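The values are calculated or read from the model by the stated rules, or taken from the named source; none is laboratory data. Source: prediction; values computed, not measured. FYI the Cβ positions are ideal-geometry reconstructions off the backbone, even for glycines, and counts take in every protein chain you see. With ligands, DNA and RNA removed, areas are computed over all heavy atoms of the protein, side chains included. Shrake-Rupley method; radii C 1.70, N 1.55, O 1.52, S 1.80 Å.
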Amino acid sequence: MITSYITHPSSQHHDMGPDHPESPMRLDAIRARLMRSGLLQQAMQSDAVEVTDEQLARVHPVRHLNSLTKCVPEYGTVALDSETIMTPGSLIAARFAAGAACRGVDQVYRNQADNVFCAVRPPGHHAEAAEATGFCFYNNIAVATAYARSHYGAQRVAILDFDVHQCNGTIDIFKDDPNVLICSSYQYPFYPWRYLRTESHNVINTPLSAGTDGPAFRQAIENDWLPELHAFKPDLVMVSAGFDAHREDHMGEICLENEDFYWVTQRALEIASLYADGRLVSVLEGGYNLDVLGHSVEAHLLALLGLPFEQA
């Protein structure tokens, strides 16, 4: 399979401080590990393109986008909340992160790649329609989903999110949309607190208690996600790939191993193969332990490339 790897140097220009977990070193750790393993050389590498205002406005109100632009400091930092800090380069990085996801959509619909992984930051799945929060400014996965529907006529889009935190922003944007199915596994009770028990029919919540291990996680995905995905039959699969559910990540208390990320990626690929001509676009969300993040992404890419986990 042809797996595209999309990134952009602007991600390095968003730096919320030396003690902030969502740091530029995250992408450095990923690239270093993939280079050492040889996987990066097996992928089709390309740079992101900048998202357009039109693409952003499909999911974020224009007045909200304008207010974010007005917040950009000439120097120093501006805190949008206790965790989301804007620097002079933050919105440029965010525009290329969202643009990477849209370019990934282009590549799978133009048959340039079978699937895509976007190694970008800042993450996006906590960004609600009119609120930047949880390290996120624009909702990358939502922007790309709306673009696929508008530009390529995608009829049924499945968004799979296995981050340790629930994708409150994605739910806020697409709740009650019958043509978007959101499957989210997350530690419960835990940040972001809202939408954890939403009753929207198109949202499949999989709350996991602290200490949940790989076998329990897999059973929950098989019970909750797979029947709904087979019934929904998506013609595009989008993945919010958060790796902070790893047992060594300090951000949460879910105890997954790298092989579990490989396994859940395989399940996503199977759904894409059955119903979406293989079209799958994955976008980096969480994952903050620099010692294990690269290995987790390596497992994800092994699955995307159709390679056995034993090569990790």
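Condition (residue is polar (S, T, N, Q), surrounded by 11 or more Cβ atoms within 10 Å (Cβ to Cβ) and over 17 Å from residue 13 (Cα atoms)) applied to region 68-83: is it met by at least one residue? For region 68-83, residues polar (S, T, N, Q), surrounded by 11 or more Cβ atoms within 10 Å (Cβ to Cβ) and over 17 Å from residue 13 (Cα atoms): absent.
Of all residues in region 129-147, those that are closer than 20 Å to residue 72 by Cβ and in a helix (DSSP H, G or I) have Cβ atoms under 9 Å from Cβ atoms of residues that are open to solvent by 10 Å² or more (accessible area, probe 1.4 Å) and of a type in the set (Lys, Arg), 6 or more apart or on another chain, in 143/58. The set of residues from region 261-286 being surrounded by fewer than 24 Cβ atoms within 10 Å (Cβ to Cβ), in a loop (DSSP other than H, G, I, E, B) and of a type in the set (Gly, Ala, Ser) comprises 276, 278. In region 30-49, the residues that are closer than 25 Å to residue 244 by Cα and open to solvent by 50 Å² or more (accessible area, probe 1.4 Å) form Cβ pairs under 7 Å with partners that are part of a strand (DSSP E or B) and not β-branched (Val, Ile, Thr), at six or more places apart or across chains, as follows: 45/5. As a summary of the residue check, residue 207 satisfies the conditions (1) surrounded by fewer than 24 Cβ atoms within 10 Å (Cβ to Cβ); (2) under 26 Å from residue 9 (Cβ atoms); (3) in contact with a Phe, Trp or Tyr (Cβ under 6 Å, 6 or more places away or on another chain) except for the one numbered (2). Within the option set 248, 222, 228, being in a loop (DSSP other than H, G, I, E, B) and farther than 13 Å from residue 272 by Cβ holds for one residue only, 248. Looking across region 213-242, the residues that are of a type outside the set (D, E, K, R), without any contact (Cβ under 8 Å) to a residue 60 or more places away in the chain and in contact with a helix residue (DSSP H, G or I) (Cβ under 8 Å, 6 or more places away or on another chain) come down to 214, 217, 221, 226, 230.
You will find that of 230, 250, 246, the residue that is closer than 29 Å to residue 6 by Cα, modelled with pLDDT of 95 or more and under 18 Å from the mean Cα position of the chain (by Cα) is 246 and no other.
For region 1-15, filtered to residues that are of a type in the set (A, V, I, L, M, F, W, C) and at pLDDT 95 or above, the residue that is surrounded by the most Cβ atoms within 10 Å (Cβ to Cβ) is 6. Just to confirm my filter: which helices (runs of 4 or more DSSP H) fall fully inside region 28-93 and include at least 2 residues that are under 20 Å from residue 145 (Cα atoms)? Those helices (runs of 4 or more DSSP H) span 53-57, 62-71. Could you tell me whether region 94-108 includes any residue that is aromatic (Phe, Trp, Tyr), open to solvent by 20 Å² or more (accessible area, probe 1.4 Å) and closer than 23 Å to residue 269 by Cβ? No, region 94-108 contains no residue that is aromatic (Phe, Trp, Tyr), open to solvent by 20 Å² or more (accessible area, probe 1.4 Å) and closer than 23 Å to residue 269 by Cβ.
Which residue is least open to solvent (accessible area, probe 1.4 Å), if the candidates are limited to region 16-29 and must be closer than 21 Å to residue 101 by Cα and acidic (Asp, Glu)? It would help to see each step written out before you state the result.
If we filter region 16-29 for residues that are closer than 21 Å to residue 101 by Cα, which is where we start, we get 22-29.
Restricting the remaining residues to those that are acidic (Asp, Glu) gives 22, 28.
Working: 22: 1, 28: 81 Å².
Selected residue: 22.
Residue 192 fulfils the conditions (1) in contact (Cβ under 8 Å) with a residue 40 or more places away in the chain; (2) closer than 18 Å to residue 238 by Cα except for a single criterion, (2). All of 127, 144 fail the test of being in contact with a Cys (Cβ under 7 Å, 6 or more places away or on another chain), aliphatic (A, V, I, L, M) and more than 15 Å from residue 239 (Cα to Cα), apart from 127.
Which members of region 223-260 meet the condition of being among the small types (Gly, Ala, Ser) and crowded, with 20+ Cβ neighbours inside 10 Å? Selection gives 240, 241, 242, 245, 252. Candidates in region 287-307 are the residues that are open to solvent by 20 Å² or more (accessible area, probe 1.4 Å) and among the hydrophobic types (A, V, I, L, M, F, W, C); of these, the one that is nearest to residue 134 (Cα to Cα) is 290.
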